[in-house]
Amino acid sequence: MITTILAFLLTLGVLVVVHEYGHYRVAVACGVKVLRFSVGFGRVLWRRQRDREATEFVVCALPLGGYVRMLDEREGMVQPHELHRAFNRKPLWARTAIVAAGPLANLLLALLLYAGAHAIGVVEPKAVLSTPAPASLMETAGLKGGDWVRSWSHDGQAWEDVHSMTELRWQITQAVLRGQTLHLMVSDRQGHGQRSARLDLARLDSQEVDASTLKAIGLGPAFSEPVLGEVKDGGPAAGAGLRKGDRVLAIDGAPMADAYSVRDRIMQAARQGTVAEQRWRVEREGRLLELAVRPRLVSEGGREFGRVDAFVGPPPETVTVQQGPVDALLLGAQRTWDVSALTVRMLGRMLIGEASLKNLSGPLTIADYAGQSVQQGLTYYLSFLALVSVSLGVLNLLPLPMLDGGHLMYYAFEGVTGRPVSELWLARLQRGGIALLLMMMSVALFNDVARLLGLH
């Protein structure tokens, strides 16, 4: 819990400081006097100011954001000798640059963070497939558990290497949302017998990638051997005589090619409030055994499934993905662009009702993911921080009043018409913007609570 809170505060602190520093740095470069640079809102906890004419830097009690207050005639009296340093007196291009600098700073930070993660290197599961679900796209394409995905292509001609299961999931997600076909070059786990498979992902006609979409595709977790780990005392597995190290060969006559198949079969044992007894064939120290196993019934989030109280499958085989400085920067730029475009598409689809509002996440989900990523290691946290930084940058560029994008919208109007937006319309748009933002925040917070309660 402490780790999650600290990781969340660190995430907010970094993103807010970078965003506001973008505004601050460009404002100073454009000759605007910055009165205050604040991290957080409310009561001041820490303050520093070199002299009365310098910028006041403060840290406040409520860390959910920050602001840069500039000299502006619309917000207070400006002395005649300082009029040239007021924000509202600056030309349109300067005001536009100052407002855009915050979101762009977040996008630049994301690029550097992604590049840093690629340069440091990250240990990820190898792109070896678990058994695809029956009738899924992968099964129809002839893919099977244990296939190692080596490269991908959109046209079957130009191929790009697949370095890990994480990268494979990303490429599949991109192809689904774009309605594209994806070709995969695969081999066996030893690298022999290469062949290609074609996934017609456009057939799914899916506007988002969730658990049901991945099941229709047939993409599960990375391949893991169907071998039992620790067996809990007093559980169904222990009661049936199963032991650590047992290799599961078949359940009810169906061959088990990997750990995912075993886990799926166990979960499916639940039927209308009961669980069916299963016949397991296992290999133990060279001997074949037939055991009767009755999973226990578990109900969570309105779903029923079976469980045997034993770890199934060792950790999947991993690879270390690491790039040189130049390639890391290029990949960082590409990932920042891809995530930005994906974020815009998802927001647009939510706006017109083609994607669920359940995709909106709030501070509770961000805090949870921050804690998890910190525990997984530095590169995972850098990638998480980059993802949130992209989201913050893109969100602030939306043409909504109260956001930086709203101000840019006003400046676009001024640039086209030669006159600023009237005070009456500014007031109306501000009220509408506040209402819209409060609605979005309410939906995001509801989604957070629903996820914690297992309702999503």
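The values are calculated or read from the model by the stated rules, or taken from the named source; none is laboratory data. This one's a predicted model, so the numbers in the text were calculated from it and none came from an experiment. Glycine gets a Cβ as well: all are built from the backbone with ideal geometry, and neighbour counts include every protein chain shown.
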Next item on the list: Go through the stretch 237-267 and give me each residue that's free of Cβ contacts under 8 Å to residues at least 24 places away in the same chain and part of a strand (DSSP E or B).
Entry: ALA254, PRO255
Notebook entry, point to check: Consider THR4 against the criteria (1) modelled with pLDDT under 95; (2) touching a Pro at 6+ places or on another chain (Cβ under 8 Å); (3) not in a strand (DSSP E or B): it satisfies all of them except one. Which criterion is unmet?
Noted result: (2)
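Are any of the residues in the stretch 126-142 touching an Asp or Glu at 6+ places or on another chain (Cβ under 6 Å), surrounded by fewer than 19 Cβ atoms within 10 Å (Cβ to Cβ) and under 30 Å from VAL14 (Cα atoms)? Give the derivation first.
First, the residues of the stretch 126-142 that are touching an Asp or Glu at 6+ places or on another chain (Cβ under 6 Å): 126, 129-132.
Now drop any that are not surrounded by fewer than 19 Cβ atoms within 10 Å (Cβ to Cβ), which leaves 126.
Subset that is under 30 Å from VAL14 (Cα atoms): none.
No, every residue in the stretch 126-142 fails to be touching an Asp or Glu at 6+ places or on another chain (Cβ under 6 Å), surrounded by fewer than 19 Cβ atoms within 10 Å (Cβ to Cβ) and under 30 Å from VAL14 (Cα atoms).
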Check: With (1) under 29 Å from the mean Cα position of the chain (by Cα); (2) among the small types (Gly, Ala, Ser); (3) surrounded by fewer than 15 Cβ atoms within 10 Å (Cβ to Cβ) as the list, and ALA101 as the residue in question, which single condition is left unmet?
Finding: (3)
Margin query: Are there strands (runs of 3 or more DSSP E) fully within the stretch 279-319 with at least 3 residues that are at pLDDT below 90 and over 18 Å from GLY245 (Cβ atoms)? List them.
Written below: 296-300, 303-307
Check: Exactly one of (1) surrounded by 17 or more Cβ atoms within 10 Å (Cβ to Cβ); (2) of a type in the set (A, V, I, L, M); (3) touching a residue at least 60 places away in the same chain (Cβ under 8 Å); (4) in contact with a Gly (Cβ under 9 Å, 6 or more places away or on another chain) is unmet by VAL16. Its number?
Finding: (3)
Note to self: Looking at the structure I just gave you, is ARG74 part of a loop (DSSP other than H, G, I, E, B) and among the basic types (Lys, Arg)?
What the structure shows: yes
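Could you tell me which of the residues GLY22, GLY40 is closer than 27 Å to LEU108 by Cα, in a helix (DSSP H, G or I) and within 28 Å of the chain's Cα centre (by Cα)? Full working, then the answer.
On the way: GLY40 fails: in a helix (DSSP H, G or I).
So the residue among GLY22, GLY40 that is closer than 27 Å to LEU108 by Cα, in a helix (DSSP H, G or I) and within 28 Å of the chain's Cα centre (by Cα) is GLY22.
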Check: Is it true that some residue in the stretch 137-150 is β-branched (Val, Ile, Thr), in a strand (DSSP E or B) and touching a strand residue (DSSP E or B) at 6+ places or on another chain (Cβ under 6 Å)?
Finding: yes
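Scan the stretch 48-55 and give yes if some residue there is part of a strand (DSSP E or B) and under 25 Å from VAL394 (Cα atoms), otherwise no. Before you say what the answer is, go through the steps one by one.
Quick first cut of the stretch 48-55, residues part of a strand (DSSP E or B) only: 48.
Within this subset, residues satisfying the condition of being under 25 Å from VAL394 (Cα atoms) are none.
Looking for residues that are part of a strand (DSSP E or B) and under 25 Å from VAL394 (Cα atoms), one finds none in the stretch 48-55, hence no.
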Margin query: If the requirement is being assigned to a loop (DSSP other than H, G, I, E, B), at pLDDT 90 or above and of a type in the set (Gly, Ala, Ser), which of these qualifies: GLY234, GLY156?
Written below: GLY234
Item checked: the stretch 403-425, residues that are more than 22 Å from ALA101 (Cα to Cα) and in a helix (DSSP H, G or I) -> THR417, GLU423, LEU424, TRP425
Margin query: Whether any residue in the stretch 103-122 is more than 25 Å from ASP338 (Cα to Cα) and in contact with a Lys or Arg (Cβ under 8 Å, 6 or more places away or on another chain) is what I want to check.
Written below: no
Next item on the list: State all residues of the stretch 128-162 that are within 21 Å of THR318 (Cα to Cα), out of contact with any helix residue (DSSP H, G or I) (no Cβ under 6 Å at 6 or more places or on another chain) and in contact (Cβ under 8 Å) with a residue 12 or more places away in the chain; if no residue qualifies, say none.
Entry: VAL128, LEU129, LEU143, LYS144, GLY145, GLY146, ASP147, TRP148, ARG150, SER151
